[in-house]
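Taking it in order: structure first as structure tokens, then the write-up.
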Amino acid sequence: MLIPNTDFFMPIIAPSLLSADFLNLEKECNMLNASEADWYHLDVMDGRFVPNISFGPMLVEFFRKATTRVCDVHLMIEEPGNFAEQFKNAGADNLSVHLEACPHLHRNIQQIKSLGMKAGVAINPHTPVAALNDILADIDLVCMMSVNPGFGGQKFIPFTLEKIKQLRKMIDERGLKVQIEIDGGVTLENAPSIIAAGADVLVAGNTVFKSTDPKGTIAQLKSLK
Ligand code: DX5
Ligand code: ZN
């Protein structure tokens, strides 16, 4: 993200609560609220689109009460249109749906926007960036998966770096304001090259929550250029 009237870039940091300690969620939220984290990244899984089940709107509602930060909801579910309203009511600010789960993607995006949320499209590692061509002008965010969705703590898939560059070019050439969010396997070591490739938003689960100093790790990610 470019800070207005400067050339100063600062990445948006979106810790993924999937890696948080669910027995101590209040503590985890207090830590995030006292940190430089910009967004809460909330991963919703249905056991159908991905081989794992996480949580749904009920938990998003609790996170909404716990923070004033942006609630960035990543739906890894089939037929997300059936749930968009529930996530709006739960307090989601951003709602991302998977391109691979949406035969009527344009309709899903219009629905999300008409509910007053920012609309995101998530793509799996094997989905080409070109598949976004005809939806790009309608969306606020691309959540580019750099692991196969379903689990935290996986290794970053290197070829997705090239996809970030392609998407950055596509967005800039058309003068669009779509944000690029990178999701999966982001570490302090690979984050600089992810930013250099053109990412605006870094999702980080394990890197933040399994660190001995989560708040310090968020500050380190935030200071990368
Ligand atoms: C994976 C999720 C990610 C994940 C990121 O399906 O979408 O948001 O929790 O966790 P790390 O940063 O540990 O890969
Ligand atoms: Zn995610």
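The values are calculated or read from the model by the stated rules, or taken from the named source; none is laboratory data. Remember, it's a predicted structure, so these values are computed and weren't measured experimentally. All Cβ positions, even for glycine, are placed from backbone atoms using ideal geometry, and neighbour counts span all protein chains on display.
Would a scan of segment 159-169 turn up a residue that is part of a loop (DSSP other than H, G, I, E, B) and touching a strand residue (DSSP E or B) at 6+ places or on another chain (Cβ under 8 Å)?
no
Please name all residue pairs, on different chains or six or more residues apart, with Cβ atoms under 7 Å, provided the first residue is in segment 30-46 and is over 11 Å from PRO214 (Cβ atoms) and the second residue is part of a strand (DSSP E or B) and at pLDDT below 95.
Final answer for the pair search is none.
Looking at segment 13-70, which of its residues are charged (D, E, K, R), over 24 Å from LYS118 (Cα atoms) and surrounded by fewer than 19 Cβ atoms within 10 Å (Cβ to Cβ)?
The answer is ASP21, GLU26, LYS27, ARG48.
Give the residues of segment 178-225 that are among the acidic types (Asp, Glu), within 16 Å of ligand 2 (Cβ to nearest atom) and within 28 Å of PHE22 (Cβ to Cβ), sorted by residue number.
Pass one, segment 178-225, residues among the acidic types (Asp, Glu): 181, 183, 189, 200, 213.
Checking the rest, the ones that are also within 16 Å of ligand 2 (Cβ to nearest atom) come to 181, 183, 200.
Selection gives GLU181, ASP183.
Please state which of the following conditions ALA199 fails to meet, knowing it meets all the rest: (1) among the hydrophobic types (A, V, I, L, M, F, W, C); (2) under 16 Å from ASN124 (Cβ atoms); (3) away from ligand 1 (no atom under 11 Å from the Cβ); (4) crowded, with 19+ Cβ neighbours inside 10 Å.
Failing condition for ALA199: (2).
Any idea which residue in segment 99-121 is nearest to GLY150 (Cα to Cα), counting only those that are buried (at least 20 other Cβ atoms within 10 Å of the Cβ) and touching a Leu at 6+ places or on another chain (Cβ under 7 Å)?
VAL121
Quick one: in segment 147-168, of everything that is touching a Pro at 6+ places or on another chain (Cβ under 7 Å) and more than 8 Å from ligand 1 (Cβ to nearest atom), which residue is nearest to GLY185 (Cα to Cα)?
Step by step, filter segment 147-168, then rank; the result is ILE157.
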